[in-house]
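The structure under discussion appears below in the form of structure tokens.
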Amino acid sequence: MTRSTGSGQDLVATSKGYPRNRNRRRSVTPPMPAVEEIARNETFFRAVNEGIAEASERFESEKAEFLCECGDAHCTHRVEVPLEEYEAVREHPTRFLVRRGHIEAEIEDVVQRRRRYTIVEKVDRVAATIVRRLDPRPAR
Ligand SMILES: [Zn+2]
């Protein structure tokens, strides 16, 4: 009788590799939940602003008061932005309009500074993934 197992592998021998042995380094960026929370807050404000933009277009105004799209859920600041500019920002799923100084430097870069507001872009991978997934204007 011949046994057909060609690989003389011993399963016990592989038990060395517990998943927890994987290198889990602590990162210097904010912990995941914080980044996720920031991204969700921002997408929430963005969703509200989409409604504001729609209403303003209906009334044919050239600018509107938008909510600051920063990561602070309690931020109540508003920024007056020309609709044209707002539209330009919305063409990029990872760009947001925030009041001057309302920047999460660890996860976003400044794209443009205006007198009263700043356009930022998510550069953090986790944050960018979340805000892309929640893009109110998917691929056109
Ligand atoms: Zn803000």
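With the crude spin-label approximation of a point 7 Å out along Cα→Cβ, what separation in nm comes out for Gln112 versus Glu91?
Here the modelled spin labels are 0.9 nm apart.
Return the ratio Rg/(2.2 N^0.38 Å) for the stretch 30-133, where Rg is computed over Cα atoms only.
1.00
Could you tell me the calculated FRET efficiency between Thr76 and Arg125, based on Cβ-Cβ distance and R0 = 35 angstrom, to the nearest 0.05?
0.75
No lab work stands behind these numbers, since they all come straight from the coordinates. A quick note: this is a predicted structure, and the numbers were derived from the prediction, not measured. Heads up, the Cβs are rebuilt from the backbone with ideal geometry, glycines too, and the neighbour counts pull from every protein chain shown.
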